[in-house]
Amino acid sequence: MKMSGMDISAVLRAVVRRWYVSLVVLALTAVAATGLWKAAEPSYTASTTLVVLPSPTLLAERAAADSGESSLGNPFGTQATTVLASLLADQINTGGIALAGDAAEATLAVQANDVRPEPYFTVVATGDSPEGTTAALVAAIEQGPVILAEMQRSAGAPANQIYTAVQTRQQTPVVIDYPDRLRMVLGVVLAGILSAALLSVLVDSLIEARRARGRHRDFAITDDVPAAEAQEGDTGSHGSAVQVAGRPAGS
(Lines give C-alpha, C1' and ligand atoms only; values in the text may rest on other atoms or scores of the structure.)
Protein backbone atom coordinates (compact mmCIF):
# COMPACT_ATOMS: atom_id res chain seq x y z
CA MET A 1 0.00 0.00 0.00
CA LYS A 2 2.89 2.34 0.78
CA MET A 3 4.50 1.62 -2.58
CA SER A 4 1.23 2.39 -4.36
CA GLY A 5 1.03 5.71 -2.53
CA MET A 6 4.60 6.54 -3.55
CA ASP A 7 3.86 5.64 -7.16
CA ILE A 8 0.78 7.85 -7.22
CA SER A 9 2.73 10.71 -5.66
CA ALA A 10 5.45 10.34 -8.27
CA VAL A 11 2.89 10.40 -11.06
CA LEU A 12 1.24 13.50 -9.65
CA ARG A 13 4.58 15.27 -9.33
CA ALA A 14 5.43 14.37 -12.93
CA VAL A 15 2.06 15.65 -14.14
CA VAL A 16 2.54 18.93 -12.28
CA ARG A 17 6.09 19.38 -13.59
CA ARG A 18 5.09 18.57 -17.17
CA TRP A 19 1.72 20.32 -17.08
CA TYR A 20 2.09 21.43 -20.69
CA VAL A 21 1.99 17.78 -21.85
CA SER A 22 -1.27 17.18 -20.01
CA LEU A 23 -2.66 20.44 -21.38
CA VAL A 24 -2.06 19.38 -24.99
CA VAL A 25 -3.42 15.85 -24.49
CA LEU A 26 -6.52 17.04 -22.64
CA ALA A 27 -7.20 19.65 -25.30
CA LEU A 28 -7.10 16.97 -27.99
CA THR A 29 -9.33 14.79 -25.80
CA ALA A 30 -11.87 17.60 -25.49
CA VAL A 31 -11.94 18.01 -29.27
CA ALA A 32 -12.46 14.27 -29.79
CA ALA A 33 -15.16 14.06 -27.11
CA THR A 34 -17.03 17.01 -28.59
CA GLY A 35 -16.93 15.43 -32.03
CA LEU A 36 -18.28 12.13 -30.71
CA TRP A 37 -21.02 13.92 -28.77
CA LYS A 38 -22.22 15.70 -31.90
CA ALA A 39 -21.85 12.66 -34.17
CA ALA A 40 -23.75 10.22 -31.93
CA GLU A 41 -26.69 8.58 -33.65
CA PRO A 42 -30.08 9.02 -31.95
CA SER A 43 -32.57 6.24 -31.30
CA TYR A 44 -36.34 6.57 -30.97
CA THR A 45 -38.50 4.59 -28.56
CA ALA A 46 -42.24 4.14 -28.08
CA SER A 47 -44.44 1.50 -26.48
CA THR A 48 -47.95 0.13 -26.28
CA THR A 49 -49.76 -2.65 -24.41
CA LEU A 50 -51.35 -5.80 -25.80
CA VAL A 51 -53.77 -8.05 -23.94
CA VAL A 52 -54.95 -11.55 -24.76
CA LEU A 53 -58.71 -12.13 -24.36
CA PRO A 54 -61.49 -14.26 -25.85
CA SER A 55 -62.41 -13.47 -29.45
CA PRO A 56 -65.97 -12.30 -30.23
CA THR A 57 -66.77 -15.74 -31.72
CA LEU A 58 -65.60 -17.50 -28.57
CA LEU A 59 -67.73 -15.20 -26.46
CA ALA A 60 -70.71 -15.99 -28.68
CA GLU A 61 -70.08 -19.74 -28.36
CA ARG A 62 -69.86 -19.41 -24.59
CA ALA A 63 -73.14 -17.54 -24.46
CA ALA A 64 -74.85 -20.08 -26.68
CA ALA A 65 -73.55 -22.96 -24.57
CA ASP A 66 -74.09 -21.07 -21.31
CA SER A 67 -70.57 -22.21 -20.35
CA GLY A 68 -69.40 -19.16 -18.40
CA GLU A 69 -65.61 -18.72 -18.57
CA SER A 70 -64.99 -22.09 -20.20
CA SER A 71 -62.59 -22.34 -23.11
CA LEU A 72 -64.89 -24.93 -24.71
CA GLY A 73 -62.88 -26.81 -27.32
CA ASN A 74 -59.75 -24.66 -27.02
CA PRO A 75 -56.90 -26.93 -25.80
CA PHE A 76 -55.20 -24.14 -23.82
CA GLY A 77 -57.90 -24.43 -21.14
CA THR A 78 -58.94 -21.95 -18.49
CA GLN A 79 -55.44 -20.43 -18.26
CA ALA A 80 -55.41 -19.70 -21.98
CA THR A 81 -55.08 -15.92 -21.62
CA THR A 82 -51.88 -16.02 -19.55
CA VAL A 83 -50.37 -18.99 -21.41
CA LEU A 84 -51.05 -17.49 -24.83
CA ALA A 85 -49.82 -14.06 -23.69
CA SER A 86 -46.53 -15.64 -22.66
CA LEU A 87 -46.21 -17.49 -25.98
CA LEU A 88 -46.99 -14.38 -27.98
CA ALA A 89 -44.48 -12.33 -25.97
CA ASP A 90 -41.81 -14.94 -26.75
CA GLN A 91 -42.64 -14.72 -30.44
CA ILE A 92 -42.26 -10.94 -30.41
CA ASN A 93 -39.02 -11.11 -28.45
CA THR A 94 -37.49 -13.63 -30.83
CA GLY A 95 -38.30 -11.83 -34.06
CA GLY A 96 -41.65 -13.38 -34.83
CA ILE A 97 -43.01 -10.07 -36.11
CA ALA A 98 -42.10 -9.29 -39.72
CA LEU A 99 -40.70 -5.78 -39.93
CA ALA A 100 -40.48 -4.19 -43.36
CA GLY A 101 -40.37 -0.74 -44.94
CA ASP A 102 -39.79 2.00 -42.39
CA ALA A 103 -39.79 -0.59 -39.60
CA ALA A 104 -37.01 -2.71 -41.14
CA GLU A 105 -34.29 -1.16 -38.93
CA ALA A 106 -36.40 -1.17 -35.76
CA THR A 107 -36.45 -3.77 -32.99
CA LEU A 108 -39.22 -5.00 -30.72
CA ALA A 109 -38.96 -6.11 -27.11
CA VAL A 110 -41.49 -7.15 -24.50
CA GLN A 111 -41.75 -6.05 -20.89
CA ALA A 112 -43.81 -8.53 -18.87
CA ASN A 113 -44.40 -9.46 -15.25
CA ASP A 114 -41.72 -12.00 -14.33
CA VAL A 115 -43.23 -12.76 -10.93
CA ARG A 116 -46.82 -13.53 -11.86
CA PRO A 117 -48.18 -14.46 -15.31
CA GLU A 118 -50.51 -11.83 -16.73
CA PRO A 119 -52.69 -11.79 -19.86
CA TYR A 120 -51.11 -8.51 -20.97
CA PHE A 121 -47.64 -7.16 -21.68
CA THR A 122 -45.91 -4.04 -22.96
CA VAL A 123 -44.33 -3.94 -26.40
CA VAL A 124 -41.41 -1.53 -26.80
CA ALA A 125 -40.17 -0.48 -30.22
CA THR A 126 -36.78 1.11 -30.83
CA GLY A 127 -35.79 2.49 -34.21
CA ASP A 128 -33.58 4.91 -36.10
CA SER A 129 -36.49 7.21 -36.91
CA PRO A 130 -39.87 8.12 -35.41
CA GLU A 131 -41.61 6.66 -38.47
CA GLY A 132 -39.78 3.35 -38.16
CA THR A 133 -40.53 3.08 -34.47
CA THR A 134 -44.24 3.70 -34.98
CA ALA A 135 -44.35 1.30 -37.92
CA ALA A 136 -42.80 -1.46 -35.79
CA LEU A 137 -45.51 -1.06 -33.14
CA VAL A 138 -48.22 -1.11 -35.79
CA ALA A 139 -46.75 -4.34 -37.15
CA ALA A 140 -46.87 -5.92 -33.69
CA ILE A 141 -50.48 -4.82 -33.18
CA GLU A 142 -51.57 -6.16 -36.57
CA GLN A 143 -49.57 -9.39 -36.66
CA GLY A 144 -50.04 -10.36 -32.99
CA PRO A 145 -53.62 -11.68 -33.40
CA VAL A 146 -52.62 -13.58 -36.57
CA ILE A 147 -49.72 -15.30 -34.83
CA LEU A 148 -51.91 -16.10 -31.84
CA ALA A 149 -54.62 -17.63 -34.04
CA GLU A 150 -52.09 -19.79 -35.88
CA MET A 151 -50.76 -21.13 -32.55
CA GLN A 152 -54.22 -22.19 -31.45
CA ARG A 153 -55.24 -23.72 -34.76
CA SER A 154 -51.98 -25.68 -34.82
CA ALA A 155 -52.88 -27.01 -31.36
CA GLY A 156 -56.34 -28.10 -32.60
CA ALA A 157 -58.53 -25.22 -31.41
CA PRO A 158 -61.78 -24.70 -33.40
CA ALA A 159 -61.71 -21.58 -35.55
CA ASN A 160 -64.65 -20.09 -33.65
CA GLN A 161 -63.18 -20.76 -30.20
CA ILE A 162 -59.88 -18.92 -30.19
CA TYR A 163 -58.38 -16.09 -28.20
CA THR A 164 -57.04 -12.91 -29.75
CA ALA A 165 -54.71 -10.02 -28.89
CA VAL A 166 -55.83 -6.40 -28.87
CA GLN A 167 -54.23 -3.08 -28.06
CA THR A 168 -55.39 -1.75 -24.70
CA ARG A 169 -53.21 1.35 -24.42
CA GLN A 170 -52.48 3.93 -27.04
CA GLN A 171 -48.92 4.26 -28.23
CA THR A 172 -46.78 6.50 -26.08
CA PRO A 173 -45.16 9.54 -27.73
CA VAL A 174 -41.91 8.72 -29.50
CA VAL A 175 -38.95 9.59 -27.26
CA ILE A 176 -35.52 10.44 -28.67
CA ASP A 177 -32.46 9.10 -26.89
CA TYR A 178 -28.71 8.82 -27.42
CA PRO A 179 -27.87 5.50 -25.74
CA ASP A 180 -24.22 5.32 -26.87
CA ARG A 181 -23.25 8.98 -26.66
CA LEU A 182 -22.53 9.26 -22.96
CA ARG A 183 -20.69 5.94 -22.87
CA MET A 184 -18.44 6.87 -25.81
CA VAL A 185 -17.66 10.32 -24.45
CA LEU A 186 -16.82 9.00 -20.98
CA GLY A 187 -14.56 6.39 -22.55
CA VAL A 188 -12.69 9.02 -24.54
CA VAL A 189 -12.34 11.31 -21.52
CA LEU A 190 -10.98 8.53 -19.30
CA ALA A 191 -8.58 7.44 -22.03
CA GLY A 192 -7.43 11.04 -22.43
CA ILE A 193 -6.76 11.47 -18.72
CA LEU A 194 -4.80 8.23 -18.60
CA SER A 195 -2.81 9.16 -21.71
CA ALA A 196 -2.01 12.59 -20.27
CA ALA A 197 -0.68 11.04 -17.08
CA LEU A 198 1.39 8.40 -18.90
CA LEU A 199 2.88 10.88 -21.36
CA SER A 200 3.69 13.31 -18.57
CA VAL A 201 5.51 10.57 -16.66
CA LEU A 202 7.36 9.47 -19.80
CA VAL A 203 8.47 12.98 -20.73
CA ASP A 204 9.45 13.69 -17.13
CA SER A 205 11.50 10.47 -16.98
CA LEU A 206 13.33 11.29 -20.20
CA ILE A 207 14.15 14.83 -19.10
CA GLU A 208 15.29 13.74 -15.64
CA ALA A 209 17.43 10.97 -17.15
CA ARG A 210 19.07 13.48 -19.51
CA ARG A 211 19.77 15.84 -16.65
CA ALA A 212 21.25 12.99 -14.59
CA ARG A 213 23.64 12.11 -17.43
CA GLY A 214 24.67 15.76 -17.70
CA ARG A 215 25.41 15.98 -13.99
CA HIS A 216 27.40 12.75 -14.18
CA ARG A 217 29.60 14.17 -16.94
CA ASP A 218 30.17 17.37 -14.96
CA PHE A 219 31.24 15.39 -11.92
CA ALA A 220 33.61 13.28 -14.02
CA ILE A 221 35.29 16.38 -15.48
CA THR A 222 35.60 17.97 -12.05
CA ASP A 223 37.22 14.82 -10.64
CA ASP A 224 39.72 14.64 -13.50
CA VAL A 225 41.08 18.21 -13.03
CA PRO A 226 42.69 17.76 -9.54
CA ALA A 227 44.22 14.47 -10.65
CA ALA A 228 45.83 16.13 -13.67
CA GLU A 229 47.13 19.02 -11.54
CA ALA A 230 48.57 16.61 -8.99
CA GLN A 231 50.34 14.69 -11.72
CA GLU A 232 51.86 17.89 -13.11
CA GLY A 233 53.02 18.85 -9.62
CA ASP A 234 54.77 15.51 -9.15
CA THR A 235 56.56 15.87 -12.46
CA GLY A 236 57.84 19.36 -11.55
CA SER A 237 59.19 18.25 -8.16
CA HIS A 238 61.04 15.35 -9.69
CA GLY A 239 62.74 17.61 -12.20
CA SER A 240 63.94 19.97 -9.45
CA ALA A 241 65.37 17.13 -7.47
CA VAL A 242 67.38 15.96 -10.46
CA GLN A 243 68.81 19.41 -10.95
CA VAL A 244 69.83 19.69 -7.29
CA ALA A 245 71.48 16.32 -7.37
CA GLY A 246 73.47 17.23 -10.46
CA ARG A 247 74.71 20.65 -9.18
CA PRO A 248 78.52 20.91 -8.53
CA ALA A 249 79.64 20.77 -4.91
CA GLY A 250 81.15 24.15 -4.93
CA SER A 251 78.02 25.86 -6.25
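The values are calculated or read from the model by the stated rules, or taken from the named source; none is laboratory data. These figures come from a predicted structure and were not determined experimentally. Because the Cβ atoms are built from the backbone with ideal geometry, glycine has one as well, and the counts that use them run over all protein chains shown. We work out accessible area using only protein heavy atoms, side chains counted, and drop any ligands, DNA or RNA first. Shrake-Rupley method; radii C 1.70, N 1.55, O 1.52, S 1.80 Å.
Over the stretch 162-217, what number does the Rg to Rh ratio reach, with both radii from the alpha-carbon atoms and Rh per Kirkwood?
We get a ratio of 1.67 for the stretch 162-217.
May I ask for the Rg/Rh ratio of the stretch 118-213, computed from Cα atoms with Rh as the Kirkwood radius, given to two decimals?
Ratio value, two decimals: 1.50.
At 1.4 Å probe size, put MET151, MET184 in order of accessible surface, largest to smallest.
MET184, MET151
Sticking with the crude label model, points 7 Å out along Cα→Cβ, report the distance from ARG215 to ALA104 in nm, one decimal please.
Here the answer is 7.0 nm between the modelled labels.
Using a 1.4 angstrom probe on the protein heavy atoms only, line up VAL115, VAL138, VAL52 by accessible area, largest first.
Listed by decreasing accessible area, they come as VAL115, VAL138, VAL52.
May I ask you to derive the FRET efficiency for VAL146 and LEU28 from their Cβ-Cβ distance with R0 = 45 Å, giving the value to the nearest 0.05?
So, using R0 = 45 Å, E works out to roughly 0.20.
Report the gain in length on full extension from VAL51 to LYS38: 0.36 nm times residue separation, minus Cα-Cα distance, nm rounded to one decimal.
0.7 nm
Which part of the stretch 113-150 falls in the paramagnetic zone of ILE176, meaning amide N under 18 Å from the point 7 Å along Cα-to-beta-carbon?
Label zone hits: 126-135.
Counting only protein heavy atoms, what percent of the accessible surface of the stretch 91-198 is carbon or sulfur at a 1.4 Å probe?
Carbon and sulfur: 58 percent of the exposed surface of the stretch 91-198.
To the nearest 0.05, how large is the calculated FRET efficiency for ALA159 and THR122 if R₀ is 41 Å and r is the Cβ-Cβ distance?
Between ALA159 and THR122 the formula returns 0.90.
Kindly rank 76-84, 128-136 from highest to lowest mean number of other beta carbons found within 10 Å of each residue.
Top to bottom by mean Cβ count within 10 Å: 128-136, 76-84.
Given +1 on the Cβ of Lys and Arg, -1 on the Cβ of Asp and Glu, and no further charges, what dipole in debye does the stretch 8-136 carry about its Cα centre, rounded to the nearest 20?
With Lys and Arg at +1 and Asp and Glu at -1, about 1160 debye.
Would you rank TYR120, TYR44, TYR178, TYR163 by solvent-accessible area, highest first, keeping every protein chain in place and using a 1.4 Å probe?
Descending accessible area places them as TYR120, TYR178, TYR44, TYR163.
So how much accessible area does THR107 have, in Å² to the nearest 10, using a 1.4 Å probe?
In the full protein context, THR107 sits at about 80 Å².
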